[in-house]
1. Can you find, within region 122-136, the residue that is modelled with the lowest pLDDT among those that are over 17 Å from the mean Cα position of the chain (by Cα) and open to solvent by less than 70 Å² (accessible area, probe 1.4 Å)?
2. Write out, first by first residue and then by second, each pair whose Cβ atoms fall under 9 Å of each other, whose residues are 6+ apart or on separate chains, and whose first residue, in region 9-24, is within 14 Å of S53 (Cβ to Cβ) and assigned to a loop (DSSP other than H, G, I, E, B) while the second is of a type in the set (V, I, T) and at pLDDT 80 or above.
3. Do we have V94 as open to solvent by less than 90 Å² (accessible area, probe 1.4 Å) and either within 15 Å of R9 (Cβ to Cβ) or under 20 Å from the mean Cα position of the chain (by Cα) (or both) here?
4. Would you check which residues across region 101-121 are open to solvent by less than 50 Å² (accessible area, probe 1.4 Å) and either part of a helix (DSSP H, G or I) or in contact with a Gly (Cβ under 9 Å, 6 or more places away or on another chain) (or both) and list them?
5. I need a count of the residues in region 54-91 that are in a loop (DSSP other than H, G, I, E, B), open to solvent by less than 90 Å² (accessible area, probe 1.4 Å) and touching a helix residue (DSSP H, G or I) at 6+ places or on another chain (Cβ under 6 Å).
6. Do the conditions hold for V36, that is, is it at pLDDT 80 or above, within 18 Å of the chain's Cα centre (by Cα), surrounded by 12 or more Cβ atoms within 10 Å (Cβ to Cβ) and within 30 Å of E124 (Cβ to Cβ)?
7. Could you tell me whether region 41-52 includes any residue that is in a helix (DSSP H, G or I) and open to solvent by 100 Å² or more (accessible area, probe 1.4 Å)?
Amino acid sequence: MTSGRIERRELWALPVYDDFLNWPGARLMLRLERTVIHKATGELQREVVYALSSLDLSSLSAESLLTLWRQHWHIENRVHYVCDVSLGEDACRVCSGAGPRVLSALRRTVLTTLRLQGVTNLAEALRSFAQFPYRALAQFIWL
């Protein structure tokens, strides 16, 4: 339960059999149903999502599987989404040689450095750096 809403999650996991699904490495089919009630409005939202996993069901509990699912999305929301939206990663047209990997490493270095410096609003920090470039240099010259 989080502030302002009541959330319930139900997770189903079924083993994948080779003759049922031809997907390399897939061992589990997952179905997650989320039901959310917003306390202020009483609004009910229901969402069902599906996934495939290479994990072995015999070595996992339902709780640990749900925790792994949530951690995956935490990484997605904290890193990938930020790099795409704030740093324009998907809009970048560099696509040959080492360029994409180098730019990706630079973006993540910027993101990590700013977080280590205590920046909580990346978009605001980037706007400030665009207006006052010397502030950006001051953030990165701490060796």
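The values are calculated or read from the model by the stated rules, or taken from the named source; none is laboratory data. Note that the structure is a prediction, hence the values are computed from the model and not measured. Here the Cβ positions follow ideal geometry from the backbone for every residue, glycine too, while neighbour counts run over all protein chains shown. What goes into the accessible areas is simple: the full protein's heavy atoms, side chains included, and nothing from ligands, DNA or RNA. Shrake-Rupley method; radii C 1.70, N 1.55, O 1.52, S 1.80 Å.
1. Within region 122-136, the first condition is being over 17 Å from the mean Cα position of the chain (by Cα), and the residues that meet it are 123-136.
Those still in the list that are open to solvent by less than 70 Å² (accessible area, probe 1.4 Å) too: 123, 125-126, 128-129, 132, 136.
Working: A123: 87, A125: 88, L126: 88, S128: 89, F129: 88, F132: 90, A136: 81.
Taking the candidates together, the pick is A136.
2. Short answer, once both residue conditions are applied: W23/V16.
3. Working: open to solvent by less than 90 Å² (accessible area, probe 1.4 Å): yes; either within 15 Å of R9 (Cβ to Cβ) or under 20 Å from the mean Cα position of the chain (by Cα) (or both): no.
For V94, the condition - open to solvent by less than 90 Å² (accessible area, probe 1.4 Å) and either within 15 Å of R9 (Cβ to Cβ) or under 20 Å from the mean Cα position of the chain (by Cα) (or both) - is not met.
4. Start the filter on region 101-121 by keeping residues that are open to solvent by less than 50 Å² (accessible area, probe 1.4 Å), which leaves 104, 107, 110-111, 113-114, 119.
The answer is S104, R107, V110, L111, T113, L114.
5. 3
6. On the way: at pLDDT 80 or above: yes; within 18 Å of the chain's Cα centre (by Cα): no; surrounded by 12 or more Cβ atoms within 10 Å (Cβ to Cβ): yes; within 30 Å of E124 (Cβ to Cβ): yes.
So V36 does not fit the description; no.
7. Within region 41-52, the first condition is being in a helix (DSSP H, G or I), and the residues that meet it are none.
The answer is no, given that none of the residues of region 41-52 is in a helix (DSSP H, G or I) and open to solvent by 100 Å² or more (accessible area, probe 1.4 Å).
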